[in-house]
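Quick notes on the structure that follows.
The values are calculated or read from the model by the stated rules, or taken from the named source; none is laboratory data. Note that the coordinates shown come from a computational prediction; the quantities given were computed from them, not determined experimentally. Backbone-built Cβ (ideal geometry, glycine too); neighbour counts: all protein chains shown.
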Number of protein chains: 2
Amino acid sequence: MMNFVFYNPVKIYFGKGQIAKISNEIPKDATILMTYGGGSIFTNGVYEQVKSALADYKLLEFGGIEPNPRYETLIKALPIIKENHVNFILAVGGGSVIDGTKFISVASFYEGDPWDFLSKGVRAQKALPIGVVLTLPATGSEMNAGAVISREATKEKRSFFSPLVFPRFSVTDPSVTFSLPPRQVANGIVDAFIHTMEQYLTYPVNAPIQDRMSESILITLMEEGPKAIVKPNDYDTRANIMWSATMALNGLIACGVPTDWATHGIGHELTALHGLDHGLTLAIVYPGVMKVMQNEKREKILQYAERVLKITQGTENERIDKAILKTDEFFRSLGMKTRLSENGIGQDTIETIVERFTKPQIVRLGENQSITPEKVRQILIERL
Amino acid sequence: MMNFVFYNPVKIYFGKGQIAKISNEIPKDATILMTYGGGSIFTNGVYEQVKSALADYKLLEFGGIEPNPRYETLIKALPIIKENHVNFILAVGGGSVIDGTKFISVASFYEGDPWDFLSKGVRAQKALPIGVVLTLPATGSEMNAGAVISREATKEKRSFFSPLVFPRFSVTDPSVTFSLPPRQVANGIVDAFIHTMEQYLTYPVNAPIQDRMSESILITLMEEGPKAIVKPNDYDTRANIMWSATMALNGLIACGVPTDWATHGIGHELTALHGLDHGLTLAIVYPGVMKVMQNEKREKILQYAERVLKITQGTENERIDKAILKTDEFFRSLGMKTRLSENGIGQDTIETIVERFTKPQIVRLGENQSITPEKVRQILIERL
């Protein structure tokens, strides 16, 4: 096991009816800015639950935060915060709303251009406290200190981390996810699954607890994921997916092990160039990473094949091929079209992406920083 | 899955050489009281490492905290704190030192008799900040907000909980555990194992992540435990046991599931009456709980048998019997004498303990509060 530091102070309220408790966690004299996205909270009852829980507060609203939340949108919240002396932000939505809210939180105290947090690695010194009401299990942002923000003007998508943006609390009520469209459910399941794989399928460092906890999440997502698509109102299924997604990226399974993140790196380019859903890009790319990087990942792929997929027959290479196939089949069982060609993407896009990874200053992807531009090409060609 | 609230703000520094980092976490102008136990820290190098890390601080010492830390000992720290304006306490030791330090932390601001926290359930309003350097993986106290304190004068052993006593940080360096006596290592492994079982082996509530995370800890302790006894200097073995023990009682595996704690309740009485090590009492009692409560625990015992012990052959009752036997064998493989008679304890002690559980105000033990005094008798008779 490698040395590590683990710290995660987010208070999780999990379950039915927990939205009613948020006033326990927000100072009585707070002026709250409630942030949200496209408005699904008006049809699934969440908006009413939040308003009711916060009836005694001064409550302002800032809606319209889009998927892949944009700098240009988010900075419009800053004058509202300043003029109204907002001192608490409540993010009501999925990962994009939470990530956007984290950016607003640090931007509201920053004198310069807050894009500096993303482009220059400026460390936040102060941030508005954040609470979360989660509506879409996927990114894990409700229990971590990271955020990914896009800038429309420059077509950039960047991330920042600050312990100041850990939410003070996050309410995760599985019943609010019943009404999600199947495509969003599938995206969320794949996002959580690949988050886990990025921290698990690397090379062994004798960390059996972390390995088995990752396998716990993977097996659960594989068992429960397809059920959520066909039985959207099953509470326990939704609950297990919701807790899986939170556990997949709260730092715990990364403790003491190497991490990969190549699939996220390559997938982000597919979103940037073709607007594909983040979850879908991961489902497209991951089997290619497994195939092309199978020698570096050999031991862990075989462990994954045996423990998660119960593949015990055949030579090592046969088991690896079968594991890749079954992983792809899992994504497809959720309704994903996991081939580039099925999404209208061809060789020309592959070359554009490879080109983006050839800049000398770019850190090579993968747990061993060994994914060269040529390997990126091979990975994507595998997925045509 | 049941509703739950999870909150754990302890920062964990895990690994070799991490003691040197504690000064990052303590304010530079702090006056620190370092608490410790019987003095093993003077022979295993930990005392020197701590002194060296804190060379620039005003550092006082309070040693002699015993196993099952006593009120009578702990209150002697209070005048030292007051006279020297101590504003940070660093616990250097195992669970007893940490638990005792948690008590000192809340007692130092309390006007009345601090035993009130244990006997009257008084809730602490203020506490001194605590840091931890862990030397014995066992109780999980380094990453939770509970403490068990004994009072010599009245032969009482009681617990209290307060979010104020979560350590600000805990350093867990596996290499400082190499020199532990095998008996303490075994006690720690059994303690962590039973902590996990108390939160796992109850009844199913469709919480597959939590179940599998518990199984992750159980399998790891069963694999690594015996190795630690025969190869005491194997870093990875010690690391895996140390992280298992922390994960076993930091609140995570209890999320959304029922919990038992009957074995701890009965085991405490064996310690109180005969001075048996806490871990040993758990190893004695637990197979009896499995046997006598097997109908209520049937589904989870069968799941444990299959997933943790790989028992797949035989009737349900045969698998249950085999699971109980193998659990007992695991404890014995660590050098434990798991029968009451092997520890000089007979029928008369059983009757004394049963008597203690007959008081009408006592809450019945077990996840269903169904362990009657007669069941306590049956459990202990099983273990004669």
Kindly check whether there is at least one residue in the stretch A:215-222 that is within 29 Å of A:Arg70 (Cβ to Cβ), within 14 Å of chain B (Cβ to nearest Cβ) and crowded, with 22+ Cβ neighbours inside 10 Å. no
Within the stretch B:318-336, the residues that are surrounded by fewer than 18 Cβ atoms within 10 Å (Cβ to Cβ) and part of a loop (DSSP other than H, G, I, E, B) are B:Gly335
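Across the stretch B:287-304, which residue is surrounded by the fewest Cβ atoms within 10 Å (Cβ to Cβ) among those that are out of contact with any Pro (no Cβ under 7 Å at 6 or more places or on another chain) and within 24 Å of B:Asn3 (Cα to Cα)? Break it down into steps so the answer makes sense when it comes.
Of the residues in the stretch B:287-304, the ones out of contact with any Pro (no Cβ under 7 Å at 6 or more places or on another chain) are B:287-298, B:301-304.
Next, from what is left, pick out any that are within 24 Å of B:Asn3 (Cα to Cα): B:296-298, B:301, B:303-304.
Numbers: B:Glu296: 17, B:Lys297: 23, B:Arg298: 15, B:Ile301: 23, B:Gln303: 17, B:Tyr304: 25.
Among residues in the stretch B:287-304 that are out of contact with any Pro (no Cβ under 7 Å at 6 or more places or on another chain) and within 24 Å of B:Asn3 (Cα to Cα), the one surrounded by the fewest Cβ atoms within 10 Å (Cβ to Cβ) is B:Arg298.
Tell me yes or no: at least one residue of the stretch B:307-326 is touching a Lys or Arg at 6+ places or on another chain (Cβ under 6 Å) and within 22 Å of B:Gly265 (Cβ to Cβ). I'd like the intermediate steps shown before the answer.
Step one: filter the stretch B:307-326 for residues touching a Lys or Arg at 6+ places or on another chain (Cβ under 6 Å), giving B:309, B:311, B:324.
Checking which are within 22 Å of B:Gly265 (Cβ to Cβ) leaves us with B:324.
Yes, the stretch B:307-326 contains a residue that is touching a Lys or Arg at 6+ places or on another chain (Cβ under 6 Å) and within 22 Å of B:Gly265 (Cβ to Cβ).
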Scanning the stretch B:306-326 for residues that are within 27 Å of the chain's Cα centre (by Cα) and of a type in the set (A, V, I, L, M, F, W, C), which turns out nearest to B:Gly288 (Cα to Cα)? B:Ile324
Out of (1) more than 30 Å from B:Pro204 (Cβ to Cβ); (2) within 14 Å of another protein chain (Cβ to nearest Cβ), the odd one out for B:Met2 is which? (1)
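Is it true that some residue in the stretch A:238-245 is surrounded by 24 or more Cβ atoms within 10 Å (Cβ to Cβ), within 24 Å of A:Thr202 (Cα to Cα), assigned by TED's automatic domain parsing to the domain that holds A:Pro204 and among the polar types (S, T, N, Q)?
Looking through the stretch A:238-245, at least one residue is surrounded by 24 or more Cβ atoms within 10 Å (Cβ to Cβ), within 24 Å of A:Thr202 (Cα to Cα), assigned by TED's automatic domain parsing to the domain that holds A:Pro204 and among the polar types (S, T, N, Q).
Can you name every residue in the stretch A:223-237 that is of a type in the set (A, V, I, L, M) and buried (at least 16 other Cβ atoms within 10 Å of the Cβ)? Can you show your working first?
Quick first cut of the stretch A:223-237, residues of a type in the set (A, V, I, L, M) only: A:228-230.
Hits for the stretch A:223-237 are A:Ala228, A:Ile229.
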Just one listed residue, out of A:Ala228, A:Ala207, A:Ala245, is within 13 Å of another protein chain (Cβ to nearest Cβ) and farther than 14 Å from A:Thr139 by Cα, and it is A:Ala207
Which strands (runs of 3 or more DSSP E) sit wholly inside the stretch B:136-185 and have at least 1 residues that are under 30 Å from B:Tyr235 (Cα atoms)? B:146-151, B:169-172
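Just checking, does the stretch B:111-122 include any residue being among the basic types (Lys, Arg) and either modelled with pLDDT of 95 or more or under 16 Å from the mean Cα position of the chain (by Cα) (or both)?
Of all residues in the stretch B:111-122, those among the basic types (Lys, Arg) come to B:120.
Checking the rest, the ones that are also either modelled with pLDDT of 95 or more or under 16 Å from the mean Cα position of the chain (by Cα) (or both) come to none.
Scanning the stretch B:111-122 turns up no residue that is among the basic types (Lys, Arg) and either modelled with pLDDT of 95 or more or under 16 Å from the mean Cα position of the chain (by Cα) (or both).
Within the stretch A:259-273, is even one residue over 17 Å from A:Ile350 (Cα atoms), surrounded by fewer than 22 Cβ atoms within 10 Å (Cβ to Cβ) and within 14 Å of chain B (Cβ to nearest Cβ)? Lay out the reasoning, then the answer.
From the stretch A:259-273, those over 17 Å from A:Ile350 (Cα atoms) are A:259-261; that's our starting set.
Keeping just the survivors that are surrounded by fewer than 22 Cβ atoms within 10 Å (Cβ to Cβ) gives A:259, A:261.
Of the ones still in play, those that are also within 14 Å of chain B (Cβ to nearest Cβ) are none.
Checking the stretch A:259-273: not a single residue is over 17 Å from A:Ile350 (Cα atoms), surrounded by fewer than 22 Cβ atoms within 10 Å (Cβ to Cβ) and within 14 Å of chain B (Cβ to nearest Cβ).
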Only one of B:Thr43, B:Thr31 is of a type in the set (Val, Ile, Thr), away from chain A (no Cβ under 14 Å), more than 26 Å from the chain's Cα centre (by Cα) and more than 25 Å from B:Arg158 (Cα to Cα). Can you tell me which? B:Thr31
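In the stretch A:337-384, how many residues are outside any loop (DSSP other than H, G, I, E, B), basic (Lys, Arg) and touching a residue at least 60 places away in the same chain (Cβ under 8 Å)?
Start the filter on the stretch A:337-384 by keeping residues that are outside any loop (DSSP other than H, G, I, E, B), which leaves A:341-343, A:347-356, A:365, A:371, A:373-382.
Filter once more, so that each one left must be basic (Lys, Arg): A:356, A:375, A:377.
Remaining after also requiring touching a residue at least 60 places away in the same chain (Cβ under 8 Å): A:356, A:375.
Summing the residues that are outside any loop (DSSP other than H, G, I, E, B), basic (Lys, Arg) and touching a residue at least 60 places away in the same chain (Cβ under 8 Å) in the stretch A:337-384 gives 2.
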For residues that are of a type in the set (Lys, Arg) and more than 19 Å from B:Ala145 (Cβ to Cβ), scanning just the stretch B:71-110, find the one that is nearest to the chain's Cα centre (by Cα). B:Lys76
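In contact with a Lys or Arg (Cβ under 9 Å, 6 or more places away or on another chain) and under 28 Å from A:Ala254 (Cβ atoms): which single residue out of A:Val97, A:Val106, A:Val92 fits that description?
Numbers: A:Val97 fails: in contact with a Lys or Arg (Cβ under 9 Å, 6 or more places away or on another chain); A:Val92 fails: in contact with a Lys or Arg (Cβ under 9 Å, 6 or more places away or on another chain).
Residue meeting the stated conditions: A:Val106.
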Which of (1) surrounded by 24 or more Cβ atoms within 10 Å (Cβ to Cβ); (2) in contact with an Asp or Glu (Cβ under 7 Å, 6 or more places away or on another chain); (3) more than 9 Å from chain A (Cβ to nearest Cβ) is the odd one out, the single condition B:Ile284 does not satisfy? (2)
Pair list, Cβ under 7 Å, 6 or more apart: the stretch A:14-25 residue facing chain B (nearest Cβ under 10 Å), other residue in a helix (DSSP H, G or I): A:Phe14/A:Trp243; A:Lys16/A:Ser175
Provide a single number: the residues in the stretch B:361-370 that are within 22 Å of the chain's Cα centre (by Cα) and more than 15 Å from B:Leu201 (Cα to Cα). 2
